[in-house]
Every structure is written in structure tokens, then in C-alpha cells.
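Report on the structure given below.
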């Protein structure tokens with residue numbers, strides 16, 4: 001079988017110096033899972049690799065192999081910076097000092113840093129692209145820990161194989177990852193079934209803010225900072241809450257308006273069902 005040619009593989013094989021892999025701020029399963037998988041693989045190949053996240057590792061992802069090795073970016077210079085599952089280095093949430101910039105992502109649009117970027121909007125998750133990189137380089141380096149990280153990215157970004165980005169390719173990849181040792185039950189349980197009572201209280205407050213628009217096609221929630229104070233939760237606990245309005249029958253576009261810990265800063269998160277491209281909506285409104 002002829003291996004797929006991916007420019008970033010040749011580049012990394014010959015790369016010298018330090019490599020910093022970065023998640024986007026408030027990392028989700030795909031960003032952290034992809035980052036950790038690539039980090040572990042590069043370490044196995046003898047590279048000086050590091051993985052960084054401005055916000056550290058959230059509770060719902062602390063089970064991932066290598067989570068304890070995630071650092072918070074500092075003023076140190078790294079020869080190569082690779083941002084995963086993000087539309088650009090601005091999504092890292094903090095300034096980083098790197099030489100060569102590379103982006104690995106499955107989202108449409110965003111910043112482009114050169115021929116070594118690996119961007120495929122048809123991929124179900126960035127984790128799928130990390131797997132392709134590993135297969136093109138040295139599939140024998142796959143192990144249980146790398147498989148677990150990639151599987152977590154794939155499963156969480158497809159809503160555990162429920163979203164419209166789930167296709168035959170997704171299940172084929174999941175099958176291969178399970179072969180290498182990924183445990184679907186363990187990943188789902190650790191990711192989805194460890195909520196605190198305080199998180200439940202936060203959800204109750206948030207659900208009370210649901211609004212419907214456009215005859216029920218659009219639904220949204222508002223998460224005020226005071227909700228976090230009143231329930232003893234953190235900004236991390238807002239991750240994924242946008243899926244509640246998304247689950248309402250008839251809704252095609254869901255949004256969450258979230259007041260961030262920083263004074264005067266709000267975040268808007270968009271999700272869709274079917275063929276609605278919320279990325280285009282975000283771009284039109286000045287976001288990415």
C-alpha cells in the first residue's frame with residue numbers, strides 16, 4: 001500500500017530543535033486529544049516536543065494519557081509551533097514565541113501559515129488528521145495511549161458518533177483505534193459521567209434562559225458570570241452547554257452567549273444541525 005504524502009510529515013521528520021504543540025484556549029476533547037496524540041508520537045520519534053494549553057487541562061479531560069505533562073505557555077522560545085484544532089495562533093489565548101508556525105485543523109477558513117499546514121474540512125475531527133500523519137510517518141509507533149487520545153478527539157467532536165460529521169470514514173477510524181487499545185466505554189464514562197452536583201445546579205440556571213427565535217429554528221442560552229459564583233462552578237463547566245438548545249426538536253442553529261471571567265468579555269458559541277454552516281455565520285459577525 002502506498003502511503004499518503006503529507007508535507008508536514010517530511011518537515012517534522014527532518015525538523016531540529018524544540019516543538020511546541022498548542023491547543024486552543026479552553027481545550028475540548030478534539031483539541032487536547034489531538035495535541036496529546038501528536039505530542040506522544042513526536043516524543044517516541046525522538047523529537048524535543050512539548051504540549052501547552054493556556055487554560056491547562058479541564059476536569060473532564062484529565063483522564064487522557066499525558067495530561068499531567070501539559071504546560072502553560074511562557075516566554076520561552078520554541079523553534080516550531082503547531083496549533084491543533086484551531087483557526088490560528090490567536091485562538092491559543094496568549095502570546096507564544098515560536099519560529100515556524102504550523103496549523104493542523106478540520107475547520108473551514110482561518111489563518112494559513114504555509115505548505116506544511118494540514119487542513120481538511122472534510123475530516124470529522126482534527127484527531128483524524130493526526131492519525132493520518134502518524135500512519136504516513138510510522139504506523140508501528142501507534143500504541144494504546146496514542147489511540148486513546150485520538151479516539152477521544154474523534155468521539156467528542158462527533159457527539160459520540162451522533163452528529164452529521166459522522167460517516168463511514170469515522171467508524172472505520174474508530175474501529176482501528178479500538179484495535180490499538182482505545183476503550184470506548186472508559187472514554188465516554190470519564191468524559192460524560194463525572195459531573196458535580198454544582199454543575200447540575202449551573203445547568204438548571206442556564207436552561208431557564210433558553211430562548212427560541214425564527215419560529216423555533218434558532219435556540220439559545222445565556223450564561224452569566226454570576227451563575228458560576230452562585231453555583232460554585234467555573235468557566236470550564238460551561239463547555240458543551242450549547243448542546244442543550246441544540247437538542248430541541250426543530251432547532252437547526254443553537255447559540256450560547258457566555259460572560260467570561262475577564263471583565264466585559266463575552267463569548268458566543270454556535271452549533272448547528274444538518275447542512276447549516278455556522279462558521280460562515282461567525283465570520284460574517286466578525287468571529288472565527
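The values are calculated or read from the model by the stated rules, or taken from the named source; none is laboratory data. In this text, all values refer to a predicted model and were calculated from it rather than measured experimentally. FYI the Cβ positions are ideal-geometry reconstructions off the backbone, even for glycines, and counts take in every protein chain you see.
Worth pointing out:
- The lone criterion from (1) modelled with pLDDT of 95 or more; (2) on the phi < 0 side of the Ramachandran plot left unmet by residue 66 is number (2).
- Qualifying positions in the range 14-56 - touching a residue at least 24 places away in the same chain (Cβ under 8 Å), assigned to a helix (DSSP H, G or I) and within 14 Å of residue 82 (Cβ to Cβ): 31, 32, 34, 35, 36, 37, 38, 39, 40, 41, 42
- Reported count of residues in the range 145-201, each being more than 30 Å from residue 230 (Cβ to Cβ) and assigned to a helix (DSSP H, G or I), is 28.
- Just so you know, in the range 170-203 the residues that are out of contact with any strand residue (DSSP E or B) (no Cβ under 9 Å at 6 or more places or on another chain) and under 16 Å from residue 243 (Cβ atoms) include one that is surrounded by the fewest Cβ atoms within 10 Å (Cβ to Cβ), and it is 193.
- Failed item, numbered, when residue 209 is tested on (1) over 23 Å from the mean Cα position of the chain (by Cα); (2) surrounded by 13 or more Cβ atoms within 10 Å (Cβ to Cβ); (3) assigned to a helix (DSSP H, G or I): (3)
- Taken together, the residues in the range 63-87 that are surrounded by fewer than 19 Cβ atoms within 10 Å (Cβ to Cβ) and within 26 Å of residue 151 (Cβ to Cβ) amount to 7.
- The range 61-111, subset in a strand (DSSP E or B) and under 25 Å from residue 267 (Cα atoms), residue nearest to the chain's Cα centre (by Cα): 84
- The helices (runs of 4 or more DSSP H) falling completely within the range 212-288 that include 3 or more residues that are modelled with pLDDT under 95 and within 21 Å of the chain's Cα centre (by Cα) map to 278-284.
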